[in-house]
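Some notes on the structure that comes next.
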Amino acid sequence: MEQLSIFDIFKIGVGPSSSHTLGPWKAALAFRNTLTAFSFDNVSITLYGSLSKTGKGHKTDVAIQLGLAGLIPETTNTCEMERILDQIKITETLFFDSRSISFSPLMHIDFCNSLHEAHPNVLTFRATKKEETVLEQTYTSLGGGFIKLLGDSEPEKKKIDFPFSIENGADVLRYTQDNSLDFYEIVFQNEQHIRTAKQIDFKLQEIYDTMKQSVYKGCITEGVLPGGLKVKRRARALCSKLLEEHQYKTIDAWEEALRKTPLVFDTLNTWISCFALAVNEQNAAMGKIVTSPTNGAAGVIPAVLLYHQYFAKNKGFEDVKKFLLIAGEIGCMFKKGATISAAEGGCQAEIGVSSAMAAGGLTACMGGSTKQILMAAEIAMEHHLGLTCDPIHGLVQVPCIERNSMGAIKAIMASNLALNGNPEDAIVNFDQVVKTMWETGLAMNSNFKETSEGGLAINVAVSFPSC
Ligand code: SF4
């Protein structure tokens, strides 16, 4: 069984896509690290399948350059990214420690348009010397920033003996009942097999702070998103309206002000939408976000978590911790039993999974039982089944940004239904919906799996110079 930590699901990174930006970036970095042992005078990259069809809109070529240049996605800031990209563009040179080679993305990155037999998302790196291949590596990008080097037996080579080896919802129910533990407690015990309790808390706080920062930055930034579709940012206008045009210069002042807004349905609904839009506008602009479980769906969990933190009765960091531990484990179960890649399962695998994760996390914080947590996650996914991925012009903007608001609202509604329902009466259980999502993804036409060859991507006419 694949062993995953919740920190494999929650990763700090930059937008716009986990499978098409973060994954290729990590693959390029891994290739660069292997390359240090070789002598070479040329590097080229071939992109296959969905990576070739929507890679331009998803900034795959940009991510590859940053990875080949040795930048690390978790720690790189926007200024550093821009400096490196300008350097490559102006000098047409890639620097490898003491070496440098001539490199032009237009010449050396091939969007080859054909499908690779291994997976819908494949990229091959090739280094040559005097036109002879000295190193070739082919990676699959599996969604959520996960990559696999073809020929390697285990993705990410993880083998951890967790005390509670969780594959599905039935395992969760068995462990919690047999050991009289809460769901979040078994996840926390598993995580302590990898890190100390203090390290886990530190990482969870870092994840939470990054989520809050992405919401705040989205709420104070206006303008038009890059890529050519001329999508106007909306989170700032919504935020200004809710705060009656007052501007706040620090995140603390902003938080204090928004906590005082009236707790009426319309206002809360607008805040939730605003939080989700803010994160995904940042994501579309290559801002820093938390992949959760993917970048395209990165707004759902912050929106629901902040809704709980700002407007519901909460216990501060203890609830943040409970929320993220449970949401993360639900994401792990979808990754193991189905997929979190839109190229494999359509948007149900991105927004659907993030909505199920958020529904479970919220239900735990609201005092729900383990059965109610799984019921909430099931309900949230059940009403995303069949959701296609059809981003216009291959950009993670339309329908993606709004879709995060929808995923957040459905998560809250699913939690509400579970908290007010009896899991013993439920007709569908969590494991059945995971299996159904996977089978629906397999049956889905490839036009609707992150290729921009169907749906809105072909029915909405756009005309502008290629981005
Ligand atoms: S449509 Fe959904 S799955 Fe596809 S890129 Fe947008 S958010 Fe991701």
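The values are calculated or read from the model by the stated rules, or taken from the named source; none is laboratory data. Note that the structure is a prediction, hence the values are computed from the model and not measured. Every residue, glycine as well, gets a Cβ built from its backbone with ideal geometry; the counts of neighbours run over all protein chains shown.
Some observations on this one:
- Of all the criteria given as (1) in a loop (DSSP other than H, G, I, E, B); (2) away from the ligand (no atom under 16 Å from the Cβ); (3) under 22 Å from residue 144 (Cβ atoms); (4) of a type in the set (A, V, I, L, M, F, W, C), the one not satisfied by residue 461 is (3).
- Scanning the stretch 239-262 for residues that are more than 18 Å from residue 276 (Cβ to Cβ) and in contact with a Leu (Cβ under 8 Å, 6 or more places away or on another chain) yields one hit, 257.
- Subset of the stretch 409-432 (residues that are within 19 Å of residue 346 (Cβ to Cβ) and either touching a Pro at 6+ places or on another chain (Cβ under 6 Å) or touching a residue at least 60 places away in the same chain (Cβ under 8 Å) (or both)): 411
- Filtering 168, 190, 269, 179 for residues that are under 21 Å from residue 304 (Cα atoms) and not hydroxyl-bearing (Ser, Thr, Tyr) leaves a single hit, 269.
- Tally of residues being small (Gly, Ala, Ser) and within 14 Å of the ligand (Cβ to nearest atom) across the stretch 369-400: 2
- Near pairs, Cβ below 6 angstrom, 6+ apart or cross-chain, from the stretch 298-320 (in the same structural domain as residue 401 (by TED's automatic domain parsing)) to any residue that is part of a helix (DSSP H, G or I) and of a type in the set (Lys, Arg): 310/259
- Listed by position, the strands (runs of 3 or more DSSP E) enclosed by the stretch 4-120 that each have at least 3 residues that are within 17 Å of the chain's Cα centre (by Cα) and touching a residue at least 12 places away in the same chain (Cβ under 8 Å) are 11-14.
- Taken across the stretch 58-67, residues that are out of contact with any Phe, Trp or Tyr (no Cβ under 7 Å at 6 or more places or on another chain), under 17 Å from residue 36 (Cα atoms), at pLDDT 95 or above and not hydrophobic (A, V, I, L, M, F, W, C) do occur, with at least one present.
- For residue 322: the one exception among (1) more than 16 Å from the ligand (Cβ to nearest atom); (2) under 23 Å from residue 224 (Cα atoms); (3) not polar (S, T, N, Q): (2)
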